[in-house]
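I have placed the structure first, in the form of structure tokens, so that the comments after it can refer back to it.
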Amino acid sequence: MISSATLRKKKKLAPRYALKEDKKDDIVEKRVLNTQQAELVREVFTSATCRCFVLKSFSEANFHKSLKYGIWSTTTLHNALLDQVFKSELTAVRPVLFFFSVCGTKHFNGVARMTSGVRTDAQFQLWEKLKYEGFFRVEWLLVKDVPNYVFTGVKMSNTPTKKSITSCRDCEEVLFEEANEFLSIFTEFDSRSSAWDDFEYYDQRQEQIECKRGLVLPERADKEDLESYLVPLQQEEPATIS
């Protein structure tokens, strides 16, 4: 008898994960080296007051939109939490960093910095599923694929079981020592792929989404402009964190 788990549709990974190792060398030659970006991460991560969170993307297509438009959104409650953290009085000297992982890839895929509070008056129309309300801006510091297995030794001291950072759920905070260990591994790992490799593929997928949803932009609209894909949201009482 075939189990329900076997019958469940297998998540389709981005095209780059299907490439053999000997083919990835061609991509590496075309890609800008990560050295300067790694240095930028270290420049931002300079203080123990830096706040770090694991963010999970349930879609590689959504990750592409974040790279392209410099935004992200999560659940209403998590958005409220991050908004509160960002707007704290120490924001100027306490950057908020995100360690992104796309579910199903068994990789961490990038490090970004939160650069704005949560905007709650508009919804972005290109998320794979239109269930995320509001968004905040991010600056991508370093984008590359690093497999989970190299992080299994990074243990979360703020959890009862001291679980590995690879088992974190969306919006779990990473304390300074663990974040420092994570970033050391992430920046130094010799990665042969990144989400940039599939950028054109997801640009084509975006056109399909626009067509399916009937998103017709004005003739002179800029498809690279975030504002072209925002629609107003009705204002409600914001979520609060107790």
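One table, with the values for the structure above:
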{"read-out": "Residue that is in contact with a helix residue (DSSP H, G or I) (Cβ under 8 Å, 6 or more places away or on another chain), among the aliphatic types (A, V, I, L, M) and surrounded by 13 or more Cβ atoms within 10 Å (Cβ to Cβ), where the choices are 195, 179, 221", "value": "195"}
{"read-out": "Scan of the range 75-124 for residues that are outside any loop (DSSP other than H, G, I, E, B) and of a type in the set (Lys, Arg), ordered by number", "value": "113, 119"}
{"read-out": "Selected residue (only one of 176, 189 is within 19 Å of residue 85 (Cβ to Cβ) and of a type outside the set (Val, Ile, Thr))", "value": "176"}
{"read-out": "Any hit, the range 45-61, residues being over 16 Å from residue 137 (Cβ atoms), out of contact with any strand residue (DSSP E or B) (no Cβ under 7 Å at 6 or more places or on another chain), among the hydrophobic types (A, V, I, L, M, F, W, C) and at pLDDT below 85", "value": "yes"}
{"read-out": "Checking residue 132 against (1) surrounded by 15 or more Cβ atoms within 10 Å (Cβ to Cβ); (2) at pLDDT 95 or above; (3) under 22 Å from residue 224 (Cα atoms), the condition it does not meet", "value": "(2)"}
{"read-out": "Residue within the range 87-96 that is under 29 Å from residue 12 (Cα atoms), of a type outside the set (A, V, I, L, M) and buried (at least 18 other Cβ atoms within 10 Å of the Cβ) present", "value": "no"}
{"read-out": "Filter result for the condition that a residue is basic (Lys, Arg), within 25 Å of residue 49 (Cβ to Cβ) and exposed (fewer than 11 other Cβ atoms within 10 Å of the Cβ), over 155, 162", "value": "162"}
{"read-out": "Among residues of the range 136-152, those that are within 12 Å of residue 190 (Cα to Cα) and crowded, with 21+ Cβ neighbours inside 10 Å, counted", "value": "3"}
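The values are calculated or read from the model by the stated rules, or taken from the named source; none is laboratory data. Since the model is a prediction, treat every value here as computed from it, not as a measurement. Virtual Cβ from ideal backbone geometry, glycine too; neighbours counted across all protein chains shown.
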